[in-house]
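Below is one structure, written out as C-alpha cells; comments come after it.
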Amino acid sequence: MLQELFTPSVQHWLDLVGIFVFAISGALLAVRKNFDVFGIAVLAEVTALGGGLFRDLIIGAVPPSAFTDLGYFVTPLVAAALVFFLHPEVERTQVAVNIFDAAGLGLFCVTGTVKAYDYGLGLTASAALGLATAVGGGVLRDIIANEVPSLVRWDRDLYAVPAMVGSTIIVVAIHFDALSAFTSGAAVVTAFVLRLLAMRFHWRAPRAWHRRSSATELPEETP
Amino acid sequence: MLQELFTPSVQHWLDLVGIFVFAISGALLAVRKNFDVFGIAVLAEVTALGGGLFRDLIIGAVPPSAFTDLGYFVTPLVAAALVFFLHPEVERTQVAVNIFDAAGLGLFCVTGTVKAYDYGLGLTASAALGLATAVGGGVLRDIIANEVPSLVRWDRDLYAVPAMVGSTIIVVAIHFDALSAFTSGAAVVTAFVLRLLAMRFHWRAPRAWHRRSSATELPEETP
Amino acid sequence: MLQELFTPSVQHWLDLVGIFVFAISGALLAVRKNFDVFGIAVLAEVTALGGGLFRDLIIGAVPPSAFTDLGYFVTPLVAAALVFFLHPEVERTQVAVNIFDAAGLGLFCVTGTVKAYDYGLGLTASAALGLATAVGGGVLRDIIANEVPSLVRWDRDLYAVPAMVGSTIIVVAIHFDALSAFTSGAAVVTAFVLRLLAMRFHWRAPRAWHRRSSATELPEETP
C-alpha cells in the first residue's frame, strides 16, 4: 500500500540525499577534530549510515541497504572527498555542520519511520525507530569523536523534538491513509525548519526540576 | 519445556521490572550528568533496553521485544518522568542509582540467560549472553555519558561476578531440569544480594600482577 | 565454490589465531589503562570478537559464531589470563600491543572479506565489510577505554590502508577465481607487513588541506 503512495525510487532518492548531508556533517566534524583523511571518511560513513544500519538490524532487513546498495556506501566517500579538498575555513565550519545536520535529521526521521512501518512495526514503534534512525548516526559520530553526544546535552538547542514532530506527522498520515510525496515532504520540511528555528532562537529543553532550580537560584545567592 | 516451568507472563513481568529499575538508574545518572529532559529519556531507554536489544540481535529475535511490546518502550519513559519530577537530592543520588542498578542486574542476568537458551544457544553461551544482557545497558549508558564503563574500572566494587553467579545458577538449574519460578527467583536474589554486599564491603577484583604489586610497593617507597 | 579452495577448517583456524592476537592486544591495553581482571577479560573479548560480531549481524549470520563456537568465546579468556599473569613490563607494552594488533588486522581483513562474500555480498561490499571486521574490534576497544579510536587519529601511523590492501587482494583473487590458501596467506602477510612498515617508518595519512597547511606554516611563524 505504501509503495503506491510513496514510490521506492523517491524513498531511495531521499535516502541518498539524507546520507549525503549527514556525511558532510560527519566529515566537517572530523576536520574540526583534526582527524586524518581516513578518519574523515570513517566519520562520514558512520554519521551517514549509522542510523539506517541500526534501523535495518532492528527490523531484520539484513544485509542492510548500506551493504547491498553501492550508492549508499559511495555517497559518504564523495562527501568526505568534497570536505577534504574544499572544506570552508574552520571558523565557518560549525554553522555548515548544523545546517546539513538539520537537513539530514528531517530526511531520516521520515524515511526511517516509513521503512519501519513497511517492515511491520506498529505506529508508535515506527515513529520511535524513525527518531532513532535520524539521531543514531549523530550519536555514533559523537561517541567515536569521544564527545558527549549533543543529543543529550542540556546546553544544546533542541534536536530530538524536530525529528519527533517529523516522525509523528508521518505516522498520523499513515493512520489516516494520507501518506504521499506531499505529506512526506511536509514532514521533512517541518522537521528541518523546526531544527533551524531551534538553533536560531536557542530553544532548549528543561533539565530535571531540582537541578534547574538550584542553577537558577545560584546567581541570586552569590551577591 | 521451559515455557511450562517458567511461564511467559512471569518472564514478561520480570523483564518489565528489570527495565524499570535500570531506567531509573540511567535517568538518575543523566540528572547527575546535567543532561536535559531528552537526555534523561534517552539514557533511561538505552540503559533499560540496551542489554536486551543486544541479546535479541544476537539470537536473531527481530524485531526485538523493545520494538514490538509497547510496554518495554513506555516503561523507561515513565521512569524518566518520575526521576525528572521527583528525583531525590543530588547527594542521595549515587546510592539510589546503585541499588536500582543491582536489582536490574539480578533480573536481567536471569531473564537474559533463559531467553538465550530458549533460542537454542548452548549453556555456556546462554550464561555469557545473560551476563551481556545484564551489563550491556550499563556499558552503553556509560559510553553515552562519555565515562569509562564502571564495569571495567578497578576502583569499582564487583559488578560482573554477581551477574555471573546468577547466570550460572540458571544454567545449572536448566542442566538438572530444575528451572522454576523458585530457582529463578533464588538466582535473582542471589545476584542482587551479592552485588549489594560487594558495594557494602567494597569487594574488588585484582588488577594484573605487575601493576598491582608496583602500586602496593609505592607507599613503602615514599617515606 | 569458496569452500573447495579455502576449507572451513583453515578459515576456522585463521579466525582463532586472529581472535587470540586481537585479544592479547585488548588485554594489554586494559592493563595499561589499569582495569581490573574483569576489565581485562571484557576488553579482550570485545577487541577479539567485536569486528566479527558486527560482520555476522550485518550478513545475518545469527547467532554469530562468537556465541555458537565455544572456542571463539574461550580463546580471548585464555589470552586475558596469559596477559594477567605474564604480561611484560609496562614500558614494553605498547610495542607488543601494536605487533599483535597488526597480525590480527591482517588475519581479520582476509577472513572477514571471505565470509562476507560467502554470504552473498558483492565484491566491494565484501571488501568494505572485511575492513570493518578488521578494524571494528579495535574501535570498540578504544570506545570502551574512553579514547579517540586510533583508527581516526591523524597522529597515528597508517592502520586502515594495510587492511584495505589485504581485503582488495582477496576480492581481486575471488574475481579472477584464484582464491586459495596461498593467495589468502599472501594477503594476510601483505597487510601485516604493510602495517609493521607503517609503524616502523611512521607513514601517516594527510589531514584536510586547510588544516594541514596551517599546521605546516605554524613553525615558520613562531620564530
Expressed in angstrom and ordered largest first, the alpha-carbon extents of region B:59-191 along the principal axes are 47, 37, 28
Taking K and R as +1 and D and E as -1, what net charge do the other residues with C-beta under 11 Å from the C-beta of B:ALA128 add up to?
-> 0
Alpha-carbon spread of the protein assembly as shown, three principal axes, descending order, Å | 63, 62, 60
Could you give the nm distance between label points at C:VAL95 and C:ARG32, where each point is 7 Å from its Cα heading toward the beta carbon?
-> 1.4 nm
Once both label points are put 7 Å beyond Cα along the C-beta direction, the A:HIS12-A:ASN146 separation in nm becomes 4.1 nm
What whole number of Å gives the distance from the Cα centroid of region A:183-207 to the Cα centroid of region C:163-211?
-> 45 Å
B:HIS175-A:VAL189 FRET efficiency (beta carbon distance; Förster radius 51 Å; 0.05 resolution) | 0.30
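Where only protein heavy atoms count, and the probe is 1.4 Å, what is the accessible area per residue for region C:2-221 in Å²?
For region C:2-221, the solvent-accessible area averages 40 Å² per residue.
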State, in square angstrom and to the nearest 100, the accessible area buried between chains A and C, both chains counted, probe radius 1.4 Å.
-> 2500 Å²
Helix-only [θ] at 222 nm, chain C, -39500 (n - 2.57) per DSSP H run of 4+, per residue, nearest 500, equals -26000 deg cm²/dmol
Copies compared at C:GLY120 - label distances in nm, ascending, label defined 7 Å from Cα in the Cβ direction | 1.7, 1.7
Viscosity 0.890 mPa s, temperature 25 °C: Stokes-Einstein D of chain B from its Kirkwood Cα radius, in µm² per second?
-> 137 µm²/s
Distances from C:PHE85 to the same position in the other copies: list them in nm, one decimal, shortest first, using label points 7 Å from Cα along Cα→Cβ.
-> 5.7, 5.7
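For chain B, which DSSP H helices look membrane-span-like by this rule: Cα extent along the axis of 30 Å or more and mean Kyte-Doolittle of at least 0.0?
Values: long enough: B:8-32 (36 Å, 1.30); B:37-59 (33 Å, 1.67); B:90-118 (42 Å, 0.62); B:123-144 (31 Å, 1.35).
Answer set is B:8-32, B:37-59, B:90-118, B:123-144.
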What is the list of residues in region B:8-35 whose amide nitrogen lies under 19 Å from a point 7 angstrom out from the Cα of A:HIS202, following Cα to Cβ?
-> B:35
Lys and Arg at +1, Asp and Glu at -1: add these up for the other residues within a Cβ distance under 14 Å of A:SER65 and post the number.
-> -3
How far apart are the A:GLY60 label points across copies, placing each 7 Å from Cα toward Cβ, in nm, shortest first?
-> 1.0, 1.0
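Over all residues in B:22-32, what is the mean tally of Cβ atoms on other chains that come within 10 Å of each residue's Cβ?
Mean number of neighbouring Cβ atoms from other chains: 1.
The values are calculated or read from the model by the stated rules, or taken from the named source; none is laboratory data. Since the model is a prediction, treat every value here as computed from it, not as a measurement. Note that we place each Cβ from the backbone using ideal geometry, even for glycine, and neighbour counts take in every protein chain shown. SASA here: full protein model, heavy atoms, side chains in, ligands and nucleic acids out. Shrake-Rupley method; radii C 1.70, N 1.55, O 1.52, S 1.80 Å.
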